[in-house]
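*Asks:* Got a structure for you, written out below as structure tokens; questions coming shortly.
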Protein chains: 2
Amino acid sequence: MYHELPNDLKIRNSKPSDHPRIINVLKDWWGRRDLTWMLPKLFLIHFNNTSFVVEKRDELIAFLIGFLSPAKPKEGYIHFVGVHPDYRGIGIGEHLYNRFFKICIENSRDIIRACTSPVNKSSIEFHKKIGFEISKGNSEIQGIQVTLEYNKPNDPKVLFEIRI
Amino acid sequence: MYHELPNDLKIRNSKPSDHPRIINVLKDWWGRRDLTWMLPKLFLIHFNNTSFVVEKRDELIAFLIGFLSPAKPKEGYIHFVGVHPDYRGIGIGEHLYNRFFKICIENSRDIIRACTSPVNKSSIEFHKKIGFEISKGNSEIQGIQVTLEYNKPNDPKVLFEIRI
């Protein structure tokens, strides 16, 4: 099912000037976790062809930063996705993922990967709902497969994959 | 001039298992600055076709992490380069850059960008020596154009560009 966005929300490709706006909302949207390091500006410079922001007039409502893997010609990678806490549960995240999947299909890529932190239960549920499977890791946290020291030391991640 | 590597050094494309090895040397190679956040593992998963490591037998001697910009079809971006302190000044960095330039040329990309911190004087000199120009920024530090809050808040960067 392809969720349409509510009429008052507009989606467009991201651009470099979105970077400070996204950085500014991270802590509020992630329950005070500081994830600034996840999003150096280069992601807003070099991956805008596969990244999106959703706005309500001038307010940032959601974003998805993803790219088609240069080294893995069959894969797309979703790096970072956020939805304004007041706008969750109405299909915006799913719309963003489907938009990214569409680009992957157009570019003959049928494996999409993403990852999240094991503490982020709602993200894990969201990915499972969309149809992602949890990849085998090298450890387990609360019954969920995780890869320890994934992006950096002491940074366990739940890895997801889906074939589209 | 295309510096050849000394015979006992070997260059190859990077691979994901290089990630912890690179992370482990960062502090030593950068005078105790902690730049771990610059290199989430995804760079070692998705950009290996344009990234390299140099080894002497099993020891890591240098690396270059770069990619062909998906959103900017004429550009290549060099994200992160390091050379073991004992092996500086013998052309290894230049060899790595030239290797990356070669891939860019093969892919019809003639603008290469890179950036460094204004405190890293040797990096600034290195880029100028190779032929990079310093891009106009939005401020100046010790007479050098910088872009304030580039990758993240309070993170001024000297931006470089070269046409090849």
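*Asks:* Ignoring ligands, DNA and RNA, what accessible area per residue does the range A:56-164 give at 1.4 Å, in Å²?
*Replies:* Details: 5180 Å² over 109 residues.
I get 48 Å² per residue for the range A:56-164.
*Asks:* While we're on this one: List the residues whose amide H sits under 5 Å from the amide H of A:Ile61, counting only those 5 or more places along or on another chain, with H placed 1.01 Å from N in the peptide plane.
*Replies:* Sorted by chain and number, the residues that satisfy this are A:Val54, A:Glu55, A:Lys56.
*Asks:* In nm, to one decimal, how far is the modelled label at B:Ile144 from the one at A:Asp86, with both set 7 Å along Cα→Cβ?
*Replies:* 4.4 nm
*Asks:* Then there's this: With contacts defined as alpha carbon pairs under 8 Å and 6 or more residues apart, what's the relative contact order of chain B in percent?
*Replies:* 17 percent
*Asks:* Another one. Once you treat every alpha carbon in the protein assembly as shown as an equal point and sum by Debye, what is log10 I(q)/I(0) at q = 0.11, 0.13, 0.15 Å⁻¹?
*Replies:* Listed by q, the Debye log ratios stand at -0.74, -1.04, -1.36.
*Asks:* At 0.36 nm per residue, and after removing the present C-alpha to C-alpha distance, how many nm does the segment from B:Asn13 to B:Ser122 gain when stretched out fully?
*Replies:* Answer, rounded to one decimal: 36.7 nm.
*Asks:* Please list the non-local residues whose amide H lies under 5 Å from the amide H of A:Phe80, H modeled 1.01 Å from N, same-chain partners needing a gap of 5 or more.
*Replies:* A:Ile65
*Asks:* Filter the DSSP H helices in chain A by two things, a Kyte-Doolittle mean of at least -1.0 and an axial alpha-carbon span of 18 angstrom or more, and list the hits by number. Write down the numbers at each step before the final one.
*Replies:* Values: long enough: A:92-106 (21 Å, 0.11).
Answer set is A:92-106.
*Asks:* Specify the longest stretch of chain B that does not include any exposed loop site, a site being one of the trypsin sites (Lys or Arg not before Pro) with a non-H, G, I, E, B DSSP assignment and at most 16 other Cβ atoms within 10 Å.
*Replies:* B:89-135
*Asks:* Something else: How much of the accessible area of the range A:114-164, probe 1.4 Å, is carbon plus sulfur, in whole percent? Working shown, then result.
*Replies:* Values: 1360 of 2790 Å².
With neighbouring chains kept in place, the figure for the range A:114-164 is 49 percent.
*Asks:* A further question follows. How many angstrom separate the Cα center of the range A:110-164 from the Cα center of the range B:60-85?
*Replies:* Each part's Cα centre sits 27 Å from the other's.
*Asks:* Shifting gears a bit: In nanometres, what is the gap between the two model label sites at A:Glu161 and B:Lys56, each 7 Å from Cα along Cα-to-Cβ?
*Replies:* Result for the modelled spin labels: 3.8 nm.
*Asks:* Let me ask something else about it. So what are the radius of gyration and Dmax for the Cα set of chain B, in Å?
*Replies:* Here Rg and the maximum Cα pair distance are 15.2, 44 Å.
The values are calculated or read from the model by the stated rules, or taken from the named source; none is laboratory data. Remember, it's a predicted structure, so these values are computed and weren't measured experimentally. Quick reminder, even Gly has a Cβ in these numbers, built from the backbone with ideal geometry, and neighbours come from all protein chains shown. Heavy atoms of the whole protein, side chains included, go into the accessibility calculation; ligands, DNA and RNA do not. Shrake-Rupley method; radii C 1.70, N 1.55, O 1.52, S 1.80 Å.
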